[in-house]
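Enquirer: Have a look at this one before I ask anything.
We did not get these values from a lab; they are worked out from the coordinates using the rules stated. Just so it is clear, the model here is predicted, and its values are computed rather than measured. Positions of Cβ are generated from backbone atoms using ideal geometry, with glycine treated the same way; all protein chains shown enter the neighbour counts.
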Amino acid sequence: MILPRFIRKMLAVLRGGVSPVFIFLSVMLGFSFGFMPGWSGFHTVLVILVLALNIHIGLFLLSAGIGKTLCFAAAPVLYHAGAWVQNYLSLLLRLLASVPVIGMTDFSRYSVAGAVVLGPIIGGVAGLLMARSVISFRRMLLNLEEGSDKFKTWYSNRWVRVLDKLLIGKRTKDARSLFTAKRKYIRKAGVALAVLLLAASAIAATLIKDSTIKDYASSAMTRANGAEVNLDDLDISVLTGAVSVSGIEVTDPEKPLNNQLSVDKVAADVSLYNLLLGRLVMEQVEVSNVKFNQKRSTPGRVVEPDVRQKPAVFDPRDFKLEPADLSKLVTYLKDAKALKEKLQKLGKWLPKAKDRKTAAQPKQIPQKYLDYLQARAVVPASPRIVAKRVILDNVQIPSPIFGNSKVLLTNISDSPQAAKLPITLEIKSYDTPASISVTIDYSSKDHVPKLSGTFDGFEMAKIQSGLSRNAGLMFESGVASGQFSGIATNESVDLTLDIAIRDLQAKGQGRGILGLGPKTTSEVLGALKDLKTTIRAVGPVSEPRLAFDVKGLMDTFKEALVEAGKEKLIKEIDDQLGKRLDEKLGGKVPDEIKDALKKSKGLIDGLGGLLGGKDDK
């Protein structure tokens, strides 16, 4: 009975033309392939190697089948081995993640990390044993052919040769040629087939990648937003590196019937190298038709947080401040509730308060057997989606300060802590002179991102529309500029703002400021044309407190009061002098001389220290 073709091919390895080196590689690559759970970039590279090199396909498939059986049978072993690898060989995993195609593999899974090491080790041992067995058999066969006359006579029979060919298959001419024949290391037909498979994979990727990447991008944005994010269409060209996304809807977690943001279309160019690593890195992104607070056709799904954190208790002493030095935003703002809601939404996009280094060992052992193959390490995810430069033009910002504006963002990613790149935000208004630049730097050694920035062209008259009467000030004109720096996390802020207001025109209202009363406040502000001060914002993100530089403001106001008093005195002297001149001299003095005498300001300024000169106020 003729043996099955597969078995005949396996037996032919013993006396065929397969080099022991390729016997070793066939077994090692087969076990490496089988031990790796699922399908990944790692499997793709192994298939290409098997086709391109003169690997014995039968040995590879047999080893892969045995390896896959061991993968399921020894799932807990892979799990614990993967935990060890991620603890002590994390450098190896990072190196593999930087290799094209292989980088698409999810090395955060314990079983995958364990298979990276156990597969080649077990496959290498099995391959060495197999190669050594084949070499021993071939030496025995050579000794029989050259040293045994009985074997030569028996094997010279025609029926023996025919039966040998039918049962086992082809063999080399003689046993000695097993050791002397030249070996081909590259399989030309295999290379051609590998090229065809790569082309077919590219075509298949073109058909399926869009939905896969779209699902990942949508889920990543949903997790970050805390509510459903929808993408109507996503298209990526593997050949040109062009990507476009349309119909972006970002649900408002507080109002699931509304979108807090919607975008018609996003167009960008992507890095082909990073695509081969399983990352979507966009050099420049152009965004069109951005809208806010739009109604949704259906309510968006709100993501429930895994752990509900209680808001931290605010203690001014944590910021080295006294309670008497702080004021709530509600004191100064007309609609503090609306601002609080906006700050709560903003807090979700701010960096986490603590960037703890997570342990490689999992918090709990999987409950089901197959969970050992799916369990992932709790480690910071590497950035998979990165937009290096995002341009949003003609954005209607719902703020009287900005209005229609141009927005520029850099280094936006799904894992900024892992990317360690400074994120910047620049807004330039088309309607007003307002502009602002914000930088969040993740390269800090203490793992706490620093926030800094500058602003300019903030018209105080537009800011006045959002202030309440309790603010004690009413701005009529003026332009604010300055800079700020500090820390802003999803739990609390500690920012210092240095503000300069030029061309100031304001007056007091309500109770005035700093206990001066509205009248005195108006007199002080009437003498101030430029004002510089420092404000510190500290406390929870949704309800920060303001601490003013009271001493600095009082010193500035004292100088203004002296100046205001002098101006008032000059005005009173001018009025009295003019009245006396009219009474005493009447029409006896020419009008030119009378007018000159009435201008007393120059005379008063020249009285030295009597009334206070220009340098001594």
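Enquirer: Among the listed pairs 320/551; 428/450; 255/340; 507/532; 420/462, give every one whose C-alpha distance is greater than 25 Å.
Expert: Long pairs (Cα-Cα over 25 Å): 420/462.
Enquirer: In whole Å, what is the distance between the alpha-carbon centres of the range 18-97 and the range 460-492?
Expert: Taking the Cα centre of the range 460-492 as reference, the centre of the range 18-97 is 62 Å away.
Enquirer: Quick one: Debye curve from the alpha-carbon atoms of the range 478-539 only, equal weights, vacuum; give me log10 I(q)/I(0) at q = 0.13 Å⁻¹ to two decimals.
Expert: -0.47
Enquirer: Taking K and R as +1 and D and E as -1, what net charge do the other residues with C-beta under 11 Å from the C-beta of residue 486 add up to?
Expert: Charge balance in the 11 Å sphere: +1.
Enquirer: Mind listing the long-range amide H neighbours of residue 265? Cut-off is under 5 Å, sequence gap 5 or more, other chains count too, H placed in the peptide plane at 1.01 Å from N.
Expert: Sorted by chain and number, the residues that satisfy this are 247, 288.
Enquirer: Report the label-to-label distance for residue 219 and residue 304 in nanometres (one decimal), using points 7 Å from each Cα along the Cα→Cβ vector.
Expert: 1.9 nm
Enquirer: Quick one: what do you get for the range 435-514 if you divide its Cα Rg by 2.2 N^0.38 Å?
Expert: 1.36
Enquirer: Follow-up. On average over all directions, what projected area in square nanometres does the range 386-452 have, based on the convex hull of its Cα atoms?
Expert: 4.8 nm²
Enquirer: Within the range 89-115, name every residue whose backbone N is under 20 Å away from a label modeled 7 Å from Cα of residue 128 along the Cβ vector.
Expert: 115
Enquirer: Further question on the same structure: HN-Hα J couplings of the range 534-546 from phi, Karplus 6.51/-1.76/1.60, θ = phi - 60°, integer Hz, Gly and Pro as x?
Expert: The phi angles translate into 10, 10, 10, 9, 9, x, x, 4, 6, 8, x, 9, 10 Hz.
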